[in-house]
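Novice: Take this structure first; my questions come after.
The values are calculated or read from the model by the stated rules, or taken from the named source; none is laboratory data. None of these values were measured; they are calculated from a predicted model. Backbone-built Cβ (ideal geometry, glycine too); neighbour counts: all protein chains shown.
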Amino acid sequence: RPPLLDRLHVSQSMAPRRLHRFLIHCSATEKKDLERSVPVVIIGGGTVGKCLSVMLSRLGVDTLLVEQQSRTKGENGKEPPHSHPRAHVLHTRTMEILRELGLEQNVHHRAPPLSQWRHFRYGESILGEEFGAVDFYKGHTAKWLRAASPATLSHLSQPILDEILGEVIDDES
């Protein structure tokens with residue numbers, strides 16, 4: 001680990017503007033040391049960036065994960081910046097990747113019971129007319145997926161999945 005990284009005070013993530021400001025003040029030798037010691041810079045610490053960081057680190061590849069948003073506190077100092085769920089259904093292929101990372105059981109454990117998310121209903125409002133519904137565990141596709149993979153669908157909001165991945169990064173760094 002070059003002295004430059006010690007000056008950065010980076011464990012796993014930092015804001016792009018801070019990294020840019022820092023690099024402006026580095027000598028050419030320090031920048032070369034950084035390039036040699038951190039072969040991969042991942043821009044974006046969302047779900048995909050965090051998964052990539054975990055995968056590469058487990059393969060022995062050092063990474064620097066650069067994220068603009070704080071992953072622990074929002075502007076009010078209390079809640080994460082993206083506490084409202086963005087993505088929530090984790091399809092079979094995603095669960096296969098999480099299984100490979102050893103996170104499948106953790107995800108299933110933190111997900112709500114199947115009875116609470118199996119059916120998705122679409123309507124004009126919560127109490128208004130229903131336009132349609134989807135049962136994620138009914139039909140030929142669901143049967144085929146269950147037969148084709150040991151991993152199963154799950155339901156977990158993206159902020160919680162990001163939190164799990166962040167915990168893995170912290171534990172392994």
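Novice: Quick one: would you say residue 163 is within 18 Å of residue 46 (Cβ to Cβ), in a loop (DSSP other than H, G, I, E, B) and either acidic (Asp, Glu) or modelled with pLDDT of 90 or more (or both)?
Specialist: Details: within 18 Å of residue 46 (Cβ to Cβ): yes; in a loop (DSSP other than H, G, I, E, B): no; either acidic (Asp, Glu) or modelled with pLDDT of 90 or more (or both): yes.
Answer is no for this residue.
Novice: Another one. Any idea how many residues of segment 26-40 are at pLDDT below 75 and not in a helix (DSSP H, G or I)?
Specialist: 2
Novice: Another question, if that's okay. How do the pairs read when you match residues in segment 33-48 that are within 29 Å of residue 93 (Cα to Cα) and crowded, with 17+ Cβ neighbours inside 10 Å with residues anywhere that are modelled with pLDDT under 85 and hydrophobic (A, V, I, L, M, F, W, C), using Cβ under 9 Å and keeping only pairs 6 or more apart or on different chains?
Specialist: Every condition considered, the pairs that remain are 42/64; 42/65; 42/66; 45/65; 45/66; 47/87.
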